[in-house]
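Working notes for the structure below.
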Amino acid sequence: MKKVALLSILACSALLATDPYKYPPTRDWIAELRAGAFVPTGHLIQKRFGHAWIEGEAEFTYRFKRHWGVWGNAGYSFKNGHSPFHHTAHLSIIPVSAGLKYIFCSHKIRPYLGIGPCYTFVHFKNYSPLTRRKIYKNRWGFAAKSGIYFDLPRHWVLDLFVDYYYLEISFLKAKKADLSGFRAGIGLGYKF
């Protein structure tokens with residue numbers, strides 16, 4: 001673990017050590033990989049699967065005006081938990097979203113806000129010996145995005161983000177599950 005942390009610090013310092021004025025600061029496209037935690041807000045999901053788990057995303061942003069851009073995002077998170085009768089269960093969430101983003105421009109630090117629709121694929125597996133059940137659902141929801149871009153040298157960008165995804169899915173006839181939650185973490189992108 002110490003070696004990974006040391007290599008990460010060395011890699012970031014190498015990016016920051018170069019002359020920031022050698023490369024032009026404005027680029028229209030940003031492609032990035034993001035990692036963080038998914039924190040569900042629904043009580044039932046927290047009870048069955050825990051209060052947070054890791055997730056990963058790929059995102060692009062195209063700035064078409066000075067402050068305005070469009071974004072697209074695909075993510076993946078999964079968690080093992082338990083069913084109502086305490087048998088093992090598995091939940092996978094795959095959100096695909098796009099929307100409009102407003103980027104506040106400054107020299108090196110650029111906060112942003114965004115909103116857009118989200119189509120989410122949910123896979124639930126119950127490993128109970130009584131009922132081996134696989135449920136596949138997909139529904140529309142929405143995503144609200146916020147974060148801060150930090151411009152690094154050589155066209156790299158660091159993204160600290162907190163997003164909110166809203167989604168309700170009914171697994172059984174009368175039972176709805178709130179799969180809404182926050183996604184927070186860090187992203188590393190490249191401007192081109």
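The values are calculated or read from the model by the stated rules, or taken from the named source; none is laboratory data. Small disclaimer: the values here were computed from a predicted structure and weren't measured. When we count neighbours, we look across all protein chains shown, and the Cβ atoms used for this are built from the backbone with ideal geometry, even at glycine.
Just one of the listed residues (A52, A74) is at pLDDT 95 or above and among the aliphatic types (A, V, I, L, M), namely A74. H107 meets all of the listed conditions (1) within 20 Å of H155 (Cα to Cα); (2) part of a strand (DSSP E or B); (3) touching a residue at least 60 places away in the same chain (Cβ under 8 Å) but one, namely (2). Residue count for the stretch 152-192 under the criterion of being touching a Leu at 6+ places or on another chain (Cβ under 8 Å), of a type in the set (D, E, K, R) and within 17 Å of G36 (Cα to Cα): the result is 1. Are any of the residues in the stretch 156-173 closer than 14 Å to G42 by Cβ, part of a loop (DSSP other than H, G, I, E, B) and not small (G, A, S)? Yes; the residues of the stretch 156-173 include at least one that is closer than 14 Å to G42 by Cβ, part of a loop (DSSP other than H, G, I, E, B) and not small (G, A, S). In the stretch 30-52, the residues that are without any contact (Cβ under 8 Å) to a residue 60 or more places away in the chain form Cβ pairs under 8 Å with partners that are part of a strand (DSSP E or B) and exposed (fewer than 14 other Cβ atoms within 10 Å of the Cβ), at six or more places apart or across chains, as follows: F49/N80.
Within the stretch 111-169, if we keep just the residues that are surrounded by 14 or more Cβ atoms within 10 Å (Cβ to Cβ) and without any contact (Cβ under 8 Å) to a residue 24 or more places away in the chain, the residue that is nearest to A184 (Cα to Cα) turns out to be V162. Scanning the stretch 33-84 for residues that are closer than 18 Å to S97 by Cα, aliphatic (A, V, I, L, M) and more than 12 Å from the chain's Cα centre (by Cα) returns a single hit, V70.
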